[in-house]
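Structure first, commentary second.
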Amino acid sequence: MSTPDRCRWDGWVTFVWLIAILACIAAVFLINQLGTMRVPERDVLGNISWTTGPNIPVWAAAIGQAGAGVLFAVLFSMVNSIYKNSCDQLAATSLGSAESADTNDDEEELAKAKYVDQGEELEDTAEYSAPTLMVDSVRKGSPFYGQVVAGYALMAVNGQEVESEDDISSNMVDGLNEFTFRNRNWKQIKRYVEMSPGSLGINFYY
């Protein structure tokens, strides 16, 4: 299921804020031009003089116009933010469902895997470069559970050196596979597992 475009309303948000800014500029211009008016005043002797005072209707209209523009822009931005959060939650839900499906597929494949044998411990040689795939943990459903522990390093699959998890699947065959590890004592050990290319049920770190 495709997720909605979270940036769908960003252009409208920019447009609304532009209108709000123009409304504020227009309000300042209106107050500057029409914000004052001459008001007659009569003194105690009955003489009339003219003084300058604020034009209340103009000020009210200008402030109301600017405030309404800014308020509308703020509300529109809030709605857009809620929309983006909803899109992110939907995307996270979709991703979680996909990962769950992938995990279930991996578990089914691991259930079919069969641990066959282990080789002898050999002194580590310069046959392979420094390992990059270090074992962090082994899942209980893995054929390597109890045979490989944290601290081991995966060196090669079927004699082919591996440097990433993608290399593991590409070097595996549908059948008996040979996995070369280096244990904590810097000795090479081999594990033979009959399985299809895919997840080993091992969590690696680099």
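The table for this structure:
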read-out	value
Residue ID - surrounded by the fewest Cβ atoms within 10 Å (Cβ to Cβ), chosen from residues in region 158-206 that are in contact with a Leu (Cβ under 9 Å, 6 or more places away or on another chain) and among the β-branched types (Val, Ile, Thr)	ILE189
Tabulated pairs, region 39-56, first under 30 Å from VAL28 (Cβ atoms), second outside any strand (DSSP E or B) and modelled with pLDDT of 80 or more, C-beta under 7 angstrom, 6+ apart or interchain	PRO54/GLY35; ASN55/LEU34; ASN55/GLY35
Unmet requirement for ALA92, which otherwise passes all of (1) surrounded by 12 or more Cβ atoms within 10 Å (Cβ to Cβ); (2) at pLDDT 60 or above; (3) within 30 Å of ASP167 (Cβ to Cβ)	(1)
Test: residue in region 50-71 that is closer than 19 Å to THR14 by Cβ and either of a type in the set (Val, Ile, Thr) or part of a strand (DSSP E or B) (or both)	yes
Subset tally (residues that are touching a residue at least 60 places away in the same chain (Cβ under 8 Å) and not aromatic (Phe, Trp, Tyr)) for region 8-38	4
Verdict on MET37 being outside any helix (DSSP H, G or I) and modelled with pLDDT of 85 or more	yes
ARG8 vs. criteria charged (D, E, K, R) and either part of a helix (DSSP H, G or I) or touching a strand residue (DSSP E or B) at 6+ places or on another chain (Cβ under 9 Å) (or both)	no
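Conditions tested, residue by residue: (1) part of a loop (DSSP other than H, G, I, E, B); (2) assigned by TED's automatic domain parsing to the domain that holds SER196; (3) modelled with pLDDT of 90 or more; (4) in contact with a Pro (Cβ under 9 Å, 6 or more places away or on another chain).
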{"residue": "ASP136", "(1), (2), (3), (4)": "no, yes, yes, no"}
{"residue": "LYS140", "(1), (2), (3), (4)": "yes, yes, no, no"}
{"residue": "PRO143", "(1), (2), (3), (4)": "yes, yes, no, no"}
{"residue": "ALA150", "(1), (2), (3), (4)": "yes, yes, yes, no"}
{"residue": "LEU154", "(1), (2), (3), (4)": "no, yes, yes, yes"}
{"residue": "ASP167", "(1), (2), (3), (4)": "no, yes, yes, no"}
{"residue": "PHE179", "(1), (2), (3), (4)": "no, yes, yes, no"}
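The values are calculated or read from the model by the stated rules, or taken from the named source; none is laboratory data. What you see is a predicted model; the values in this text were computed from it and never measured. Cβ coordinates were reconstructed from backbone atoms using ideal geometry, including for glycine residues, and neighbour counts include every protein chain displayed.
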